Amino acid sequence: MFCPNCKKNILLIMEYENIELDFCPDCLGVWLDAEELQWILESQFDEQSIFIKTTVDETKKKCPRCQTYMQKVSLPQNDKIVYDICPENHGIWFDRGELENLIQNLPEFPGTHSFLQWLKTIFHYQSE
């Protein structure tokens with residue numbers, strides 16, 4: 001799969017508790033396949049239902065799985081960050097720092113704290 005942001009880089013695989021996450025070594029974007037967010041957060045929920053569709057003046061990216069243009073979505077409680085989600089339910093693309101932001105906005109799930117710690121270690125994020 002190629003990075004939907006850089007368009008030329010092949011996504012590399014990293015593993016978190018037996019879950020394979022794809023990431024771009026240049027832009028540090030992360031691709032989560034469908035259901036991986038549920039596994040990371042140790043909870044069952046409809047991944048697409050936590051987002052609301054949004055309209056922004058931002059270039060649409062193509063899904064690295066099916067090449068369909070992804071929809072722009074945000075969280076109802078924080079619409080300042082926009083995520084890219086495949087309309088065919090193949091997964092979600094996060095630009096650098098967006099995955100951390102999403103997880104911070106979902107504190108009610110059991111896997112939130114441990115995954116945030118792992119992200120900070122891997123990507124050297126600064127605590128806010």
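Coordinate-derived values only; no laboratory data. No experiment lies behind these values; they were computed from the predicted model shown. Positions of Cβ are generated from backbone atoms using ideal geometry, with glycine treated the same way; all protein chains shown enter the neighbour counts.
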Next item on the list: Would you please name the residue that is surrounded by the fewest Cβ atoms within 10 Å (Cβ to Cβ), looking only at residues in region 70-97 that are in contact with a Ser or Thr (Cβ under 8 Å, 6 or more places away or on another chain) and charged (D, E, K, R)?
Entry: K80
Next item on the list: For K7, indicate whether it is farther than 21 Å from H113 by Cα and exposed (fewer than 12 other Cβ atoms within 10 Å of the Cβ).
Entry: yes
Next item on the list: For residues that are in contact (Cβ under 8 Å) with a residue 40 or more places away in the chain and closer than 11 Å to W93 by Cα, scanning just region 1-27, find the one that is nearest to the chain's Cα centre (by Cα).
Entry: D22
Notebook entry, point to check: Assuming L41 fulfils every condition listed in (1) surrounded by fewer than 16 Cβ atoms within 10 Å (Cβ to Cβ); (2) touching a Leu at 6+ places or on another chain (Cβ under 7 Å) apart from one, which condition is it?
Noted result: (1)
Notebook entry, point to check: If we keep just the residues of region 12-30 that are surrounded by fewer than 20 Cβ atoms within 10 Å (Cβ to Cβ) and of a type in the set (A, V, I, L, M), which is nearest to E42 (Cα to Cα)?
Noted result: I19
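Okay, residues lined up against (1) touching a strand residue (DSSP E or B) at 6+ places or on another chain (Cβ under 7 Å); (2) over 21 Å from M70 (Cα atoms):
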site	(1), (2)
L11	yes, no
E15	no, yes
L32	yes, no
E35	no, no
E42	no, yes
Q48	yes, no
V56	yes, no
